[in-house]
């Protein structure tokens with residue numbers, strides 16, 4: 001019964017999006033929207049606004065992916081060497 | 001790289017209040033329509049993007065109070081969405097008389113907000129029957145008022161709408177104290 005109800009048509013803004021497998025793709029719109037809002041208050045001249053927004057978006061994505069890779073290496077390789085599981 | 005302040009100086013309380021009321025309105029009050037429009041796109045995109053990803057469940061002042069403190073900085077909009085969530089989607093538990101999210105096999109009684117069990121009729125359609133001042137009314141097909149988001153989808157939806165509030169704090173300060181903007185953006 002529960003599974004049948006959960007497969008009813010999704011209602012946008014009421015029910016969650018079915019993104020359980022592809023949630024990481026949301027990194028791009030999140031970084032882009034943060035950059036749009038942040039650069040809107042930071043720039044004094046709008047002539048290079050979108051270029052700055054794209055640069056900040058790329059910086060954020062690279063930084064977050066870098067932190068993700070560093071955390072993966074720490075958890076998978078460094079910590080098992082420091083504290084081997086008995 | 002220059003770090004000199006812009007020529008616009010001082011304290012602008014009207015713009016500050018407008019920025020609190022609606023994202024971007026503070027800069028609109030300061031006659032910066034382009035900046036205001038871009039701010040509104042960014043903040044509202046994050047806020048409603050979060051609700052789109054995680055459902056209305058991500059704005060919840062009762063169950064996720066700490067996150068709601070961040071979301072509340074978006075302004076009255078956040079309180080409005082929370083009000084709609086609490087009063088039009090949550091059910092009134094008949095035992096504890098407290099608001100809670102409906103279970104997956106419960107619909108919401110539109111008269112008093114209590115949960116009503118969803119059952120399948122002879123055709124297999126989920127239905128729920130409630131009493132409207134003595135008159136039985138059947139919802140068909142019946143469904144829960146909303147589905148709670150779980151795991152990463154809930155985390156990201158909540159994070160997006162909270163980021164909107166935290167960024168809006170920067171924007172409120174920028175509207176109220178325009179001297180803080182530097183040329184080295």
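Legend: ranking of residues A:72, B:103 from fewest to most surrounding C-beta atoms inside 10 Å; resulting order A:72, B:103. Global size of the range B:69-122: 14.0, 49 Å for Rg and Dmax (C-alpha atoms, Rg to one decimal, Dmax whole). Diffusion coefficient (Stokes-Einstein, Kirkwood radius over C-alpha pairs, 20 °C, 1.002 mPa s) for the range B:16-105: 148 µm²/s, rounded to a whole number. Just checking the listed ones, B:165, B:75, B:50: in the Gaussian network model of chain B with Cα springs under 10 Å, the one fluctuating most is B:75. The distance separating the Cα centre of the range B:63-96 from that of the range A:9-79 comes to 26 Å. Cβ-to-Cβ counts within 10 Å put A:56, B:160, A:10, A:83 in ascending order as A:83, A:10, A:56, B:160, the fewest first. Of A:62, A:36, A:73, the residue with the greatest mean-square motion in the GNM of chain A, using alpha carbon springs below 10 Å, is A:73. Taken over the Cα atoms of the range B:89-166, the convex hull encloses 128 Å³ per residue. Give the calculated FRET efficiency between residue B:155 and residue A:48 to the nearest 0.05, with a Förster radius of 30 Å applied to their Cβ-Cβ distance. With R0 = 30 Å, the Cβ-Cβ based efficiency is 0.30.
Ordered by the number of other Cβ atoms lying within 10 Å of each residue's own Cβ, fewest first, B:53, B:81, B:58, B:21 fall into the sequence B:21, B:81, B:53, B:58. Taking the Kirkwood radius as Rh and the Cα radius of gyration as Rg, chain B has a ratio of Rg/Rh equal to 1.16. Relative contact order, whole percent, for chain B stands at 35, derived from Cα pairs under 8 Å and 6 or more residues apart.
Stokes-Einstein diffusion of the range A:24-86 at 37 °C, 0.692 mPa s viscosity, Kirkwood radius from Cα pairs, rounded to a whole number: 239 µm²/s. Projected onto planes of every orientation and averaged, the convex hull of the alpha-carbon atoms in the protein assembly as shown covers 21.6 nm².
Normalising by the residue count of chain A, find the relative contact order in percent from Cα pairs under 8 Å and 6+ residues apart. Reported relative contact order: 23 percent.
Since every read-out is calculated from the coordinates, none of them should be taken as a lab result. Just so it is clear, the structure is predicted and the values come from calculations on it, not from any experiment. For neighbour counting, all protein chains shown are included, and Cβ atoms are generated from backbone atoms with ideal geometry for every residue, glycine included.
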